[in-house]
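Comments concern the structure below.
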Amino acid sequence: MTTPEQDKTYVTRPLLPPLEEFIPYLEQIWASKRLTNNGPFHRQLEQALCEYLGVEHISLFVNGTLALVTALQSLRITGEVITTPYSFVATAHALVWNGIKPVFVDVVPDTLNLDPDRIEAAITPHTTAILPVHCYGRPCDMVRIQEIADNYGLKLIYDAAHAFGVRQDGQSVLRHGDLSVLSFHATKVFNTFEGGAIVSQDAKTKRHIDHLKNFGFVDEVTVVASGINGKMSEINAAFGMLQLKGIDEAIQRRRDIDARYRQRLAGAAGIDCLGGGPDDVTNSSYFPIMVRPEFPLSRDALYAKLQDNGIYARRYFFPLISDLPMYRGLPSANGANLPVAKRAAEQVICLPIYPDLAPEQVDFIADLIRR
Ligand SMILES: *Cc1c(COP(=O)(O)O)cnc(C)c1O
């Protein structure tokens, strides 16, 4: 059965302000002829994001993956890095692009974030860092992970691609660890078409990262490192400035949809909505449900049923990174080592959630699952 394109509901749709609002930004770029290389919009967006997110130092990037690769470079991470198999592939790929061996450690069932109780057992003399992910915008156990990093002299880099604007105890989660990496890809809560950033805790580190993302150039004739080209263009930065104006409202609408799903799915046998407790500080970037064995359909059968009805949900994250051909040979990729992540990869569906998803559509999806 095929459904007309306009009847399809995807897991996410980018937040796009009215086109006419973007025109004045483009006119400014055309007038200044500054297209990239730390132009006015780039500087404005760094400043505005520092204020909005509540951080001191931010370096914009062309995408989140190059930001991850550069974050690892900037701290000269080598050898082995402990990370989660339950993430988007870029988390592990960024390690491999630095010649680093990923060491997969299992996650905890409630947040699907790296399990602090299992990190120490995975540390070897080659371990240099920990790379956790704030999965679906739910903070890792940052205090415990920092303690382990300190005890073993490890660096700590958070993949915060899902955690735009997430705060815990009144403070941005991005203030934790040595560095945090954001993604501004079209599918994320805040997008610049493509884009990303590194949050640093001090000015010196930010300066070094800014050199690395610009081929290592410090000035016209001085190159201090074998850097890469990771610079965000003025068009993307300008779009970010426009996008930022509506971000609070967009996140509020996500929260409303999140609450509506929870209410509509409450008591559905075999369906668990992740999070939702009083301490849940997620930005509602995703709406993951676990399809338990008690549910009349398998996860994949429910996924297919949704699709037959024009609902294009996603099995984030399936397959597990550790089951992909380039990783499954690693000793830490053994499924027996990762039972919680394995189960999640077999049971989770992320339902559509985005600011202009209609409440009636949320009800339709929830009813479809209950039926
Ligand atoms: C989206 C994402 C990335 C990659 O970001 P891009 O901007 O698409 O390169 C990395 N890690 C996680 C967890 C992501 O969800």
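The values are calculated or read from the model by the stated rules, or taken from the named source; none is laboratory data. Quick caveat: nothing in here was measured; it's all calculated off a predicted structure. Heads up, the Cβs are rebuilt from the backbone with ideal geometry, glycines too, and the neighbour counts pull from every protein chain shown. Keep in mind that these areas ignore ligands, DNA and RNA; they rest on the heavy atoms of the full protein, side chains included. Shrake-Rupley method; radii C 1.70, N 1.55, O 1.52, S 1.80 Å.
Got a number for carbon plus sulfur as a percent of the chain's accessible area, 1.4 Å probe?
Carbon with sulfur: 53 percent of the solvent-accessible area.
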Qualifying lysines (Cα of each under 26 Å from Cα of residue 231; at least 8 residues distant if same chain):
33, 155, 188, 204, 206, 213, 245
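Need one number: convex hull volume per residue for the chain, Cα atoms only, in Å³.
146 Å³
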Which value, in Å² rounded to 10, gives the accessible area of residue 206 with a 1.4 Å probe and all protein chains present?
40 Å²
Reachable lysines from residue 305, Cα under 20 Å, same-chain residues fewer than 8 places away excluded?
8
Karplus (6.51, -1.76, 1.60) ³J(HN,Hα), θ = phi - 60°, over the range 343-359, in Hz, Gly and Pro reported as x:
4, 4, 5, 8, 10, 8, 10, 9, 7, x, 8, 6, x, 9, 6, 6, x
Loop-resident GluC sites (Glu not before Pro) in the range 290-371 with no more than 16 other Cβ atoms inside 10 Å, DSSP not H/G/I/E/B, are 294
May I ask you to give the solvent-accessible area per residue for the chain, in square angstrom, as obtained with a 1.4 angstrom probe?
45 Å²
